[in-house]
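J.: The structure that follows is given in the form of structure tokens.
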Amino acid sequence: MLEGIDLDADLCGRIVHLVHDAAGYNINIMGSGGVIIASSDPARVGKVHDGARRIMAGEISEIAIDPESAEKMSGVKPGYNGGVRYKGRLVACIGISGDPSVVKPVQKMAEVVLVQEMDRLSLAHRDEALLSDVKAGISDIAEQMQVISLNGAVIAARLGEKGLGFKVVVGEMRRLAAQVAEKVSSLDVKRNAR
């Protein structure tokens, strides 16, 4: 997990399908140890890609694999593979099958797409946390208003007729606290409906 973002099969699968559909090349996204997380060739998922293994180990940052090299390596096809850095950390490797000189720009495009998706997810997680904090703060205020209005109602009752004006203010506080609590609840309903 990276700052609330899982580099999982679903995320990688979305990127694979997007890039494959747009460019038409076979694409793999590999993670730790060079294991293929997602691929346009489902038979390759779960296998180790030797070039990606070397990239993820930090031995190299990219590798162009020609047909001769592919025969000498394990789990690879001719193509271009490069590491993906997110916020300074190596998080994945993306490989595109084909002539390395032709598919390198496609790999770079796929890298940009993955990083942008990770940024989008990071912002969504941050927004979710912020909304949760704001909601908790507002709920606390509404609860405090309820307690104050209850105390005020007791004082107003003790004052009798002299406390009638105070009783009106207390009733209004109670009504506002209930409205605030209702609005906070509706945030949950709207968020869950997304």
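J.: Assess whether ARG89 counts as being under 25 Å from ALA57 (Cβ atoms), basic (Lys, Arg) and within 17 Å of the chain's Cα centre (by Cα).
T.: Taking the combined requirement at face value, the residue satisfies it.
J.: Under 8 Å by Cβ, and 6 or more places apart or on different chains, what pairs join a residue from region 89-115 that is open to solvent by less than 40 Å² (accessible area, probe 1.4 Å) with one that is basic (Lys, Arg) and in a helix (DSSP H, G or I)?
T.: Here the result reads ILE96/LYS104, each pair linking region 89-115 to a residue that is basic (Lys, Arg) and in a helix (DSSP H, G or I).
J.: Of all the strands (runs of 3 or more DSSP E) wholly in region 61-137, which have at least 2 residues that are within 21 Å of ASP8 (Cα to Cα) and among the small types (Gly, Ala, Ser)?
T.: Hits in region 61-137: 79-86, 89-97.
J.: Are there any pairs, at least 6 apart or on different chains, whose C-beta atoms fall under 6 Å, with the first in region 47-66 and within 16 Å of ILE29 (Cβ to Cβ) and in contact (Cβ under 8 Å) with a residue 40 or more places away in the chain and the second open to solvent by less than 60 Å² (accessible area, probe 1.4 Å) and in a loop (DSSP other than H, G, I, E, B), and if so, which?
T.: Going by the 6 Å Cβ cut-off, the qualifying pairs are HIS49/GLY75; HIS49/VAL76; GLY51/VAL76.
J.: Identify, from the list VAL48, VAL35, VAL19, the residue that is within 30 Å of ASP127 (Cβ to Cβ) and β-branched (Val, Ile, Thr).
T.: VAL19
J.: Separate question: Got at least one residue in region 122-141 being at pLDDT below 95, more than 30 Å from SER186 (Cα to Cα) and surrounded by 13 or more Cβ atoms within 10 Å (Cβ to Cβ)?
T.: The answer is no, given that none of the residues of region 122-141 is at pLDDT below 95, more than 30 Å from SER186 (Cα to Cα) and surrounded by 13 or more Cβ atoms within 10 Å (Cβ to Cβ).
J.: Go through region 155-175 and give me each residue that's exposed (fewer than 15 other Cβ atoms within 10 Å of the Cβ) and aliphatic (A, V, I, L, M). Steps first, please.
T.: Quick first cut of region 155-175, residues exposed (fewer than 15 other Cβ atoms within 10 Å of the Cβ) only: 155, 157-162, 164-165, 168-169, 171-172, 175.
Selection gives ILE155, ALA157, LEU159, LEU164, VAL168, VAL169.
J.: I'm trying to understand the selection: among the residues of region 15-32, which are open to solvent by 40 Å² or more (accessible area, probe 1.4 Å) and in contact with a Gly (Cβ under 6 Å, 6 or more places away or on another chain)?
T.: Matches in region 15-32: TYR25 only.
J.: Hey, could you check region 142-154 for residues that are of a type in the set (Gly, Ala, Ser) and in contact (Cβ under 8 Å) with a residue 24 or more places away in the chain and say which is surrounded by the fewest Cβ atoms within 10 Å (Cβ to Cβ)? Spell out how you get there, then give the answer.
T.: Start the filter on region 142-154 by keeping residues that are of a type in the set (Gly, Ala, Ser), which leaves 142, 149, 152-153.
In the following step, the residues that additionally are in contact (Cβ under 8 Å) with a residue 24 or more places away in the chain were identified as 142, 149.
Working: ALA142: 18, SER149: 21.
Selected residue: ALA142.
J.: A further question follows. What tally of residues in region 33-47 results from selecting those that are more than 16 Å from GLU111 (Cα to Cα) and either assigned to a loop (DSSP other than H, G, I, E, B) or open to solvent by 70 Å² or more (accessible area, probe 1.4 Å) (or both)?
T.: Going through region 33-47 one residue at a time, the tally reaches 5.
J.: Still on this structure: Going by the conditions given, is ASP119 closer than 30 Å to VAL84 by Cβ and at pLDDT 85 or above?
T.: yes
The values are calculated or read from the model by the stated rules, or taken from the named source; none is laboratory data. As the structure is a computational prediction, the values presented were derived from the model and not from experiment. Every residue, glycine as well, gets a Cβ built from its backbone with ideal geometry; the counts of neighbours run over all protein chains shown. Keep in mind that these areas ignore ligands, DNA and RNA; they rest on the heavy atoms of the full protein, side chains included. Shrake-Rupley method; radii C 1.70, N 1.55, O 1.52, S 1.80 Å.
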